[in-house]
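Below: one structure, written as structure tokens.
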């Protein structure tokens, strides 16, 4: 089951990268970034880690690989990062918020809202930390 999800993430990231105009020679690398990030998230989640913890470390890895590819290929990091982060974006949580608001289940909507905000915050924090590490390393 994990393999199918990772392959799906790989294909989805490539499709988004095409829509964003990523050059053809970097499409596979963008897909690889997203697939690895999703794999790490699934492995951590299956190991019993919380969703928020798993998301944080998966996003850090996505940012690390994106920065590494950007240095290797001498391209902007956003070429890999924006498409590669796609599988980790909490779309299901946003759907659950709206669904529970429509069905008048406000307490569950509040739970999903809180969790989605925390996940989005962890994604932003992980990217910020990795960007900061690379900026500090680049100055030295």
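Structural remarks
- Qualifying residue in the stretch 91-98 (condition: under 19 Å from residue 10 (Cβ atoms) and in contact (Cβ under 8 Å) with a residue 24 or more places away in the chain): no
- The test for being surrounded by fewer than 17 Cβ atoms within 10 Å (Cβ to Cβ) and under 24 Å from residue 117 (Cβ atoms) holds for residue 53.
- Just one of the listed residues (83, 137, 120) is at pLDDT below 95, assigned to a helix (DSSP H, G or I), closer than 26 Å to residue 22 by Cα and out of contact with any strand residue (DSSP E or B) (no Cβ under 6 Å at 6 or more places or on another chain), and it is 83.
- Residues within the stretch 33-70 that are under 16 Å from residue 92 (Cβ atoms), without any contact (Cβ under 8 Å) to a residue 24 or more places away in the chain and either touching a strand residue (DSSP E or B) at 6+ places or on another chain (Cβ under 8 Å) or assigned to a helix (DSSP H, G or I) (or both), tallied: 2
- Taking the stretch 86-117 as the range and being surrounded by fewer than 17 Cβ atoms within 10 Å (Cβ to Cβ), under 18 Å from the mean Cα position of the chain (by Cα) and not in a helix (DSSP H, G or I) as the test, only 89 passes.
- Taken over the stretch 16-29, residues that are surrounded by 14 or more Cβ atoms within 10 Å (Cβ to Cβ) and in a helix (DSSP H, G or I) amount to 5.
The values are calculated or read from the model by the stated rules, or taken from the named source; none is laboratory data. Predicted model, so just to flag it, every value in this text is computed and none were measured. Note: ideal-geometry Cβ built from the backbone for every residue, glycine included; neighbour counts use all protein chains shown.
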